[in-house]
1. Given the condition surrounded by 15 or more Cβ atoms within 10 Å (Cβ to Cβ), in contact with a Phe, Trp or Tyr (Cβ under 7 Å, 6 or more places away or on another chain) and more than 23 Å from Asp86 (Cα to Cα), answer yes or no: does some residue in segment 53-63 qualify?
2. Kindly check whether there is at least one residue in segment 41-60 that is assigned to a helix (DSSP H, G or I), under 28 Å from Glu137 (Cβ atoms) and touching a residue at least 24 places away in the same chain (Cβ under 8 Å).
3. For residues in segment 52-73 being among the acidic types (Asp, Glu) and modelled with pLDDT of 90 or more, which is nearest to Glu7 (Cα to Cα)?
4. From the list Ser76, Ser146, exactly one residue is surrounded by 12 or more Cβ atoms within 10 Å (Cβ to Cβ) and at pLDDT below 95. Which is it?
Amino acid sequence: MSRENVELVRRVLEEASRGGSPPAGAVDALDADSLTVIFENLDPEVEFHEDPHFPEAGVYRGIEAVREYWGRFTGSFDEFAFEPEDFVDLEGDRVLVLFRLKARGKDSGATAETRPGWIYTIRNGLTVRIDAFLDREEARKAAGLSE
């Protein structure tokens, strides 16, 4: 089942990358159509675990709580795009996605690029949990992987 979960996450992110204005293959996290694809593939009781180093760290439960948090978090950006770089089969029901993230602040115009990692937990074809890590090495450690 784990390989199927990798393909499921890859397909969802590929479909979501067709909206918005970032480069091909990147998911525009500010684009309504891209977000619709993402949210349609979440379990109604999804849990989003934000990076513990963020001021907004916490667990957001349910699609509406995740949607509200995401809108609040990304509201200060005029560019926020994730480009998947690798999909790692963690066996069982988990998939590690390593991204390249590009963002630009709405007011400051400051740009940032980082390489986060998110662990997706999949059940019955839907994402039931996402553990987000700004630092991909921390994501790899949380996934039980080491260099």
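1. Taking segment 53-63 first, the residues surrounded by 15 or more Cβ atoms within 10 Å (Cβ to Cβ) are 60, 62-63.
Those still in the list that are in contact with a Phe, Trp or Tyr (Cβ under 7 Å, 6 or more places away or on another chain) too: 60, 63.
So of that shortlist, the ones also more than 23 Å from Asp86 (Cα to Cα) come out as 60, 63.
Yes, some residue in segment 53-63 is surrounded by 15 or more Cβ atoms within 10 Å (Cβ to Cβ), in contact with a Phe, Trp or Tyr (Cβ under 7 Å, 6 or more places away or on another chain) and more than 23 Å from Asp86 (Cα to Cα).
2. Within segment 41-60, the first condition is being assigned to a helix (DSSP H, G or I), and the residues that meet it are none.
Taking every residue of segment 41-60 in turn, none turns out to be assigned to a helix (DSSP H, G or I), under 28 Å from Glu137 (Cβ atoms) and touching a residue at least 24 places away in the same chain (Cβ under 8 Å).
3. As a first pass, look at segment 52-73 and keep what is among the acidic types (Asp, Glu): 56, 64, 68.
Next, from what is left, pick out any that are modelled with pLDDT of 90 or more: 64, 68.
On the way: Glu64: 26, Glu68: 27 Å.
Only one residue tops the list, namely Glu64.
4. On the way: Ser146 fails: surrounded by 12 or more Cβ atoms within 10 Å (Cβ to Cβ).
Sole residue among the options that is surrounded by 12 or more Cβ atoms within 10 Å (Cβ to Cβ) and at pLDDT below 95: Ser76.
The values are calculated or read from the model by the stated rules, or taken from the named source; none is laboratory data. Everything numeric in this text was worked out from a predicted model, so none of it was measured. Cβ coordinates were reconstructed from backbone atoms using ideal geometry, including for glycine residues, and neighbour counts include every protein chain displayed.
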